[in-house]
Amino acid sequence: MSINNPLDHLPDMAVFARVVDAGSFSAAARQLGITPSAVSRQVARLEGALRVRLLERTTRKLRLTEAGTAAYTGCQAMVAAAREVLALSDTQTATARGLVRISMPKAFGRLVVHPLMASFLQQYPEVDVQLVITDRTVDLFEESIDLAIRITDAPPPGLAGRPLMRIRHLACASPQYLAAHGTPGHPRDLARHSCLYLGEDERDRHWRFRRAGDEVTLRVSGRYVANHSEVRLEGALAHLGIASLPEFTARAALAAGELVTVLDDWEHATDYAGMAWLLYPPNRFLPARVRVWIDHLVAGLLPQ
């Protein structure tokens, strides 16, 4: 097969890009419905045509060579272009229809996205929606997910994204609890309080606070630990202590005066704070059903 006929190598380029995205020959083979040996042969054929090694293979993982990194960028663009062509029929259709599958963290899905769904389904009667509500990282390619919402510093390689909203964490308590136990004036004062924290990892009880270049980390304690923000909210409403809560979880209780924030001049820094990104494969021509859902979500978040 001659390298002067690039069209002959398009299937091999697509397989190579899938191997990199999937992280292994076997995972790519499962996604493509072929054998790992067939995947390996196609990658080897592309390497032979280019006369360079694209992947360093070990028993545990694959690593792109310098040439492989450059080739992957081009092959990924080729696959994205193919998706754009195949999506043309959908993007040219006036009516959005079909199933949209979206992955998102549990609390964000329950409290931020779920309230927007009734109006969306009413507005788009031919679009169905499946919310995949999980705190694990979902592979959009392997699990056939159209979109994912993740709290991250930036979109990971291989995915496009747009920022949705910044997630802040607050230290909150009921006025009754504070009247009985006092209001902390400094993060170190939390050591004398009962705190409601996540508890999935030892790090979860080490609360961090930042202010004007000053950072304080302290180990909190409390009699009630829960890995669900709505449970911690209810614990704070029951006057059980000072809870670490996402702002969107505490918003209604704060507006009603049922909870108040403490340490307002400090930023409560956690691993679960940051920008919420909407992530999707790098395809400029998204299907109509996906585009209308994105527009609806963004419009619903704007007032916040």
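The values are calculated or read from the model by the stated rules, or taken from the named source; none is laboratory data. In this text the structure is predicted, and so the values were computed from the model without any measurement. Methodologically, a virtual Cβ is constructed for each residue, glycine included, from the backbone with ideal geometry; neighbour enumeration extends over all protein chains shown. The accessibility values were calculated without ligands, DNA or RNA, using every heavy atom of the protein model including side chains. Shrake-Rupley method; radii C 1.70, N 1.55, O 1.52, S 1.80 Å.
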query = If we keep just the residues of the stretch 266-280 that are in a loop (DSSP other than H, G, I, E, B) and of a type in the set (Phe, Trp, Tyr), which is least open to solvent (accessible area, probe 1.4 Å)?
reply = 266
task = Return yes when residue 134 is touching a Phe, Trp or Tyr at 6+ places or on another chain (Cβ under 6 Å) and within 30 Å of residue 31 (Cα to Cα) and no when it is not.
result = no
ask   = Checking residue 60 against (1) farther than 30 Å from residue 297 by Cα; (2) surrounded by 14 or more Cβ atoms within 10 Å (Cβ to Cβ); (3) at pLDDT below 85, which single condition isn't satisfied?
value = (2)
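Look through 288, 252 and report the one residue that is at pLDDT below 95, open to solvent by 30 Å² or more (accessible area, probe 1.4 Å) and more than 15 Å from residue 171 (Cβ to Cβ). Give the steps one after another, and end with the answer.
Details: 288 fails: open to solvent by 30 Å² or more (accessible area, probe 1.4 Å).
Only one candidate qualifies: 252.
Give the residue that is modelled with the highest pLDDT, with candidates limited to residues of the stretch 142-185 that are among the polar types (S, T, N, Q) and assigned by the TED database to the domain that holds residue 105.
First pass over the stretch 142-185, keeping only residues among the polar types (S, T, N, Q): 144, 152, 174, 176, 183.
Those left that are additionally assigned by the TED database to the domain that holds residue 105: 144, 152.
Working: 144: 79, 152: 82.
The extreme case among them is 152.
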message = Can you tell me how many residues within the stretch 127-161 are touching a residue at least 60 places away in the same chain (Cβ under 8 Å), surrounded by fewer than 12 Cβ atoms within 10 Å (Cβ to Cβ) and either touching a Lys or Arg at 6+ places or on another chain (Cβ under 7 Å) or closer than 23 Å to residue 83 by Cα (or both)?
response = 0
note = Over the stretch 108-126, the set of residues surrounded by 13 or more Cβ atoms within 10 Å (Cβ to Cβ) and touching a residue at least 60 places away in the same chain (Cβ under 8 Å) is 108, 110, 111, 112, 113, 116, 120, 124
inquiry  = If residue 198 meets every condition in (1) surrounded by fewer than 17 Cβ atoms within 10 Å (Cβ to Cβ); (2) assigned by the TED database to the domain that holds residue 256; (3) modelled with pLDDT under 90; (4) of a type in the set (A, V, I, L, M) apart from one, which number is that one?
reply    = (1)
inquiry  = Can you list the strands (runs of 3 or more DSSP E) lying wholly within the stretch 120-176 that have 3 or more residues being closer than 26 Å to residue 267 by Cα?
reply    = 147-151, 160-167, 169-173
query = In the stretch 180-195, how many residues are part of a loop (DSSP other than H, G, I, E, B) and open to solvent by 90 Å² or more (accessible area, probe 1.4 Å)?
reply = 1
inquiry  = Taking the conditions exactly as written (under 30 Å from residue 101 (Cβ atoms) and acidic (Asp, Glu)), does residue 265 satisfy them or not?
reply    = no
request  = Tell me which residues, restricted to the stretch 206-217, are open to solvent by 20 Å² or more (accessible area, probe 1.4 Å) and touching a strand residue (DSSP E or B) at 6+ places or on another chain (Cβ under 6 Å).
outcome  = 206, 208, 210, 217
inquiry  = Taking the condition of being free of Cβ contacts under 8 Å to residues at least 60 places away in the same chain, hydrophobic (A, V, I, L, M, F, W, C), more than 16 Å from residue 198 (Cβ to Cβ) and assigned to a helix (DSSP H, G or I), how many residues in the stretch 211-265 meet it?
reply    = 2
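In this structure, does residue 247 turn out to be surrounded by fewer than 21 Cβ atoms within 10 Å (Cβ to Cβ), closer than 30 Å to residue 23 by Cβ and either modelled with pLDDT of 90 or more or outside the structural domain of residue 33 (by the TED database) (or both)? Please lay out each step first, then the result.
On the way: surrounded by fewer than 21 Cβ atoms within 10 Å (Cβ to Cβ): yes; closer than 30 Å to residue 23 by Cβ: no; either modelled with pLDDT of 90 or more or outside the structural domain of residue 33 (by the TED database) (or both): yes.
It is false that residue 247 is surrounded by fewer than 21 Cβ atoms within 10 Å (Cβ to Cβ), closer than 30 Å to residue 23 by Cβ and either modelled with pLDDT of 90 or more or outside the structural domain of residue 33 (by the TED database) (or both).
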request  = Would you mind stating whether residue 177 is in contact with a Gly (Cβ under 7 Å, 6 or more places away or on another chain) and open to solvent by 60 Å² or more (accessible area, probe 1.4 Å)?
outcome  = no
ask   = Mind checking which residues of the stretch 186-202 are over 16 Å from residue 228 (Cα atoms) and either polar (S, T, N, Q) or touching a residue at least 40 places away in the same chain (Cβ under 8 Å) (or both)?
value = 186, 187, 190, 193, 194
